[in-house]
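First comes the structure, then the notes that go with it.
The values are calculated or read from the model by the stated rules, or taken from the named source; none is laboratory data. What you see is a predicted model, and the numbers here were worked out from it, not measured in a lab. We place every Cβ from the backbone using ideal geometry, glycine too, and count neighbours over all the protein chains shown.
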């Protein structure tokens, strides 16, 4: 009835215009698409080109001096700093649970990508979603939503609007909440990148909407490999304070 | 980057096994079919619906998006859709759109802050559309990141493998009910 790769291919074709538009915008505004030549790691003879599917900014975003509360379903919270554990990655996404299209697609693809990794690599990747709609995304709603896609996801939520906007700003993310609709509710508009933060609080790579699970998994392997060997090039010193 | 895309050009042929057809006819006429069958149309007017699916939802989710591919022999338009009240309270046709990333930080019904900035990456949002045009002979995708049928106020979570009857309403009043399958990815 359904070929195994049909849904993914549908998504790819539909989102290609987004990918191209977003990458074009990113390039125009200073971000650098990551189609890097990876001539190291001993594979230059057989696989000289390591293609990455996200993009990297020059200079990279520094987010390690910032934090938001991670909330549990019972409302308990503790601050999470945007910095991964040693030689690991913290993936960050800004979204909301009423989102029917972009957010579920992104989270499902991310879950599928992580499932493609061996457990030893998967354990070095954590994920946090910052809700940009904290009034509807209560701790209960947000945690139930995230657990559906990623069981260990961190639910980052603040009702302090300035704090949310400050964090969006350092990630170069943004969101808007529209006027109330006649039938109830409201529309939310938001940037939809996945950010990979390393243990220095530096965003190492970003992916725009439309990236596939296989592409994400490929990039995760590359990033984790470079973090493991300390060969992820960075000429900037880590930022430790806000 | 081009070399990573061509694999999917053949997808339309692969998914043709799930083709449905809607017959042109009276406004009250309804065609019901399952997602794995193919029904020939009569009257010279037909809309083929391929691979209708909906993403399985989280327990706390209140919305979902239905996707499919539509292809009409003649110029037509999808005007709306409906589902049983045991699935969702209402539906809307939506399109996910991309805009430049300017944040205005306005809150509905109240406070605003002075903090705002312009993101260098695009913002994605949804807009309701009154219809989805179906040019004659051209496949139109309802797919993530584009057109979709939004199910609003879900009565219960949508599970993987669940089959949901969705009645599509086309221009000129003809309708067609397709079985949309829940998928977890």
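For region B:123-185, which fully contained strands (runs of 3 or more DSSP E) count at least 2 residues that are surrounded by 14 or more Cβ atoms within 10 Å (Cβ to Cβ) and facing another protein chain (nearest Cβ under 9 Å)?
Because the criterion is at least 2 residues that are surrounded by 14 or more Cβ atoms within 10 Å (Cβ to Cβ) and facing another protein chain (nearest Cβ under 9 Å), the strands (runs of 3 or more DSSP E) in region B:123-185 that meet it are B:123-128, B:139-142, B:147-154, B:175-183.
Filter region A:93-108 down to the residues that are in a loop (DSSP other than H, G, I, E, B) and in contact (Cβ under 8 Å) with a residue 60 or more places away in the chain, then identify the one that is farthest from the chain's Cα centre (by Cα).
Among residues in region A:93-108 that are in a loop (DSSP other than H, G, I, E, B) and in contact (Cβ under 8 Å) with a residue 60 or more places away in the chain, the one farthest from the chain's Cα centre (by Cα) is A:98.
Inspect region A:90-112 for any residue being away from chain B (no Cβ under 13 Å), surrounded by fewer than 21 Cβ atoms within 10 Å (Cβ to Cβ) and at pLDDT 95 or above and give the result as yes or no.
Scanning region A:90-112, I find no residue that is away from chain B (no Cβ under 13 Å), surrounded by fewer than 21 Cβ atoms within 10 Å (Cβ to Cβ) and at pLDDT 95 or above, so the answer is no.
Hey, among A:186, A:145, which residue is crowded, with 22+ Cβ neighbours inside 10 Å and closer than 27 Å to residue B:95 by Cα?
A:145
Condition (residue is surrounded by fewer than 18 Cβ atoms within 10 Å (Cβ to Cβ), over 24 Å from residue A:224 (Cα atoms), more than 10 Å from chain B (Cβ to nearest Cβ) and free of Cβ contacts under 8 Å to residues at least 12 places away in the same chain) applied to region A:78-87: is it met by at least one residue?
Yes, that holds for at least one residue.
Return yes when residue B:93 is modelled with pLDDT of 90 or more and more than 21 Å from residue A:103 (Cβ to Cβ) and no when it is not.
Answer is no for this residue.
Kindly evaluate residue A:158 against the criterion of being under 28 Å from residue B:99 (Cα atoms), assigned to a loop (DSSP other than H, G, I, E, B) and in contact with a strand residue (DSSP E or B) (Cβ under 6 Å, 6 or more places away or on another chain).
It is true that residue A:158 is under 28 Å from residue B:99 (Cα atoms), assigned to a loop (DSSP other than H, G, I, E, B) and in contact with a strand residue (DSSP E or B) (Cβ under 6 Å, 6 or more places away or on another chain).
Answer yes or no as to whether residue B:56 is under 22 Å from residue A:142 (Cα atoms), over 17 Å from the mean Cα position of the chain (by Cα) and surrounded by fewer than 24 Cβ atoms within 10 Å (Cβ to Cβ).
no
If we scan region A:120-139, do we find a residue that is at the interface with chain B (Cβ under 7 Å from one of its Cβ atoms) and buried (at least 24 other Cβ atoms within 10 Å of the Cβ)?
Within region A:120-139, not a single residue is at the interface with chain B (Cβ under 7 Å from one of its Cβ atoms) and buried (at least 24 other Cβ atoms within 10 Å of the Cβ).
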